[in-house]
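Presented below is the structure to which this report refers.
The values are calculated or read from the model by the stated rules, or taken from the named source; none is laboratory data. If you're wondering where the values come from, they're calculated on a predicted model, not measured in any experiment. So basically every Cβ, Gly included, is an ideal-geometry build from the backbone, and we count neighbours across all protein chains shown. When the accessible area is computed, the model is the full protein with side chains, heavy atoms only, and any ligands, DNA or RNA have been set aside. Shrake-Rupley method; radii C 1.70, N 1.55, O 1.52, S 1.80 Å.
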Amino acid sequence: MLRYLALITYTDQGIRNIKDSGKRAAAFGKAIEAVGGKLLSQYWCLGEVDGCVTFDVPDEQTAAGLLLSLGQAGNVRTKTIRLYDSQEFQQILTKV
């Protein structure tokens, strides 16, 4: 499984519909599970970003599809970062 962190910012539409944010977050969690992934965490933030989510998915294409679908709804924009655990990073270091 591949792990990702998505930093989330509201669009104008998303902030107008802020009261539905919890429902949209729950739906995104279900979408992750529906493609064989696992939602690891979801947080709302104050400051430079409005929220973040971490999740595991089977492959890059699955992650891209989920995030593109999320953006297509028009409520949020995302910046996504691939995450590595300690063991994965140690394997990467063997290539350095």
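Where a ≥ b ≥ c are the square roots of the eigenvalues of the C-alpha gyration tensor, would you call the chain rounded, which needs a/c under 1.5, or, failing that, prolate if a/b is larger than b/c, or oblate?
prolate
Which whole-number value in Å² is the accessible area per residue of segment 30-96, probe 1.4 Å?
Accessible surface, normalised per residue, equals 70 Å².
Run the numbers for W44 and T9: contour at 0.36 nm per residue of separation, minus the present Cα-Cα distance, in nm.
Roughly 11.6 nm would be gained on extension.
I'd like the orientation of helix 21-34 relative to the chain: the angle between its Cα long axis and the longest Cα principal axis, in ° from 0 to 90, rounded to 10.
The two axes meet at around 40 degrees.
Each label point is 7 Å from the Cα along the Cα-to-Cβ direction; what then is the distance between the points at A73 and D20, in nm?
According to this spin-label approximation, the distance is 0.9 nm.
Considering only protein heavy atoms and a 1.4 Å probe, what is the carbon-and-sulfur percentage of the accessible area of the chain?
In the chain, the share of accessible area belonging to carbon and sulfur is 56 percent.
Rounded to the nearest 500, what is the chain's calculated 222 nm mean residue ellipticity when only DSSP H runs of at least 4 contribute -39500 (n - 2.57) each, over all residues?
Roughly -12000 deg cm²/dmol at 222 nm, from the helical runs in the chain.
Output the relative contact order of the chain, whole-number percent, from Cα pairs under 8 angstrom with separation of 6+ residues.
Relative contact order of the chain: 44 percent.
What are the ³J(HN,Hα) values, in whole Hz, obtained from phi via the Karplus relation 6.51 cos²θ - 1.76 cosθ + 1.60 with θ = phi - 60°, for each residue of segment 53-62 in sequence order, with x given for Gly and Pro?
Result, ordered by residue: 9, 10, 7, 10, 9, x, 7, 5, 5, 5 Hz.
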